[in-house]
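Report on one structure; see the data block that follows.
The values are calculated or read from the model by the stated rules, or taken from the named source; none is laboratory data. This is a predicted model, so every value here is computed, not measured. Positions of Cβ are generated from backbone atoms using ideal geometry, with glycine treated the same way; all protein chains shown enter the neighbour counts. Surface accessibility is based on the protein's heavy atoms, side chains included, excluding ligands, DNA and RNA. Shrake-Rupley method; radii C 1.70, N 1.55, O 1.52, S 1.80 Å.
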Amino acid sequence: MDVLRPGRLNGRIMTELLAAVALTGVVGIGLGYALHLPAVFPALATGAAGLLAIVVGHCWHRHPESHGMAGHESLGPANRVTLTRGTLICLIAAFLPLTSITPAQSWTLAWLCFVALVMDGVDGATARRTGSHSRFGARFDMELDSALMLLLCALAVSLDKAGSWVLLIGVARYLFLLAGRVQPKLQQPLPDSFRRKTICVWQLVTLLLVLLPPFPTALAAPALALSLVLLVYSFGRDVVWLLRQPDGATHSGGRSTCDP
């Protein structure tokens, strides 16, 4: 059996990661040709996918205890779905340097975002159906959610849909994690919350709608401002709840307002 050994990834996992990078490059070339995107677009998408593969491989090697039952032999069904969603997010990231895009390019970007959002539920369902859930997979999925949120915010700014203040939506979770380094109580785990999940979905859907060509520019800022207000409210409730917990509670990294 090919298992994970110190200092290297096994061949099957390496192949899966390289396949994701190659898939991103091929799709990037196809999109670049079909949509008349700048020649650098496929390179940007492939580079982002390469960075993603390096990070995933590093985390997989450093934290073998979080892989789950089948973690040592392959990424597993659920993580493959999440990795595929990661390649879509890499393609979305390649649009970021573009200062203007055509309606056709904008619709393609919106479809990529929509599929990435749908796949956010697919990987969880796959994990439950195949028994391939793991702490690694949950964290992998969580970080991709945060990356997609930040990317959508950055795209809204770069396409003049809103001011730079909208980036607060994307960086809120990272600020929360940073605050946890200062106040250990904020590192405690949060209970599951329908409110938290609903607001997270609201933010992602709002950002997606704002990027659609038919969405009125005049309504973009108010819609995103409402999302930011809801986010601040949700984070505020979580912070107050955590600070009220007794000292000595178990710290395990916790969930933020945007975590599933």
- Pick out which of D247, D160, D120 has the largest mean-square fluctuation in a Gaussian network model of the chain, springs linking Cα atoms closer than 10 Å. D247
- Query: Comparing A147, A125, A94, which has the greatest mean-square fluctuation in the GNM of the chain with Cα pairs linked when under 10 Å apart?
  - Reply: A125
- Message: At 1.4 Å probe size, put Y233, Y174 in order of accessible surface, largest to smallest.
- Response: Y233, Y174
- Query: In a GNM of the chain with a 10 Å cut-off on Cα contacts, which of I89, I54, I169 has the highest mean-square fluctuation?
  - Reply: I54
- Message: Could you work out what % of the accessible surface of the chain is carbon and sulfur, using a 1.4 angstrom probe and leaving DNA, RNA and ligands out of the count?
- Response: 70 percent
- For W241 and V26, compute 0.36 nm times the residue count separating them, minus their Cα-Cα distance, and round to one decimal in nm. 72.7 nm
- Task: Rank these residues by their accessible area, most exposed first, probe 1.4 Å: M119, M14.
- Result: M14, M119
- Message: Charges on Cβ only, +1 for Lys and Arg, -1 for Asp and Glu, centred on the Cα centroid of the chain; of G25, L151, G124, which one is farthest towards the dipole's positive end?
- Response: G124
- Note on the structure: With every protein chain kept in place and a 1.4 Å probe, the chain has an accessible area per residue in Å² of 50 Å²
- What nm distance separates the two modelled labels at V232 and T99, each placed 7 Å from Cα along Cα→Cβ? 3.2 nm
- Note on the structure: Shape call for the stretch 124-191, from the Cα gyration tensor axes a ≥ b ≥ c (a/c under 1.5 means rounded, otherwise prolate when a/b beats b/c, else oblate), comes out oblate
- Message: What does the C-alpha gyration tensor say about the overall shape of the stretch 81-224? Classify as rounded when a/c is under 1.5, otherwise prolate if a/b is larger than b/c, or oblate.
- Response: oblate
- Query: Ignoring ligands and nucleic acids, what accessible area does H58 show with a 1.4 Å probe (Å², nearest 10)?
  - Reply: 100 Å²
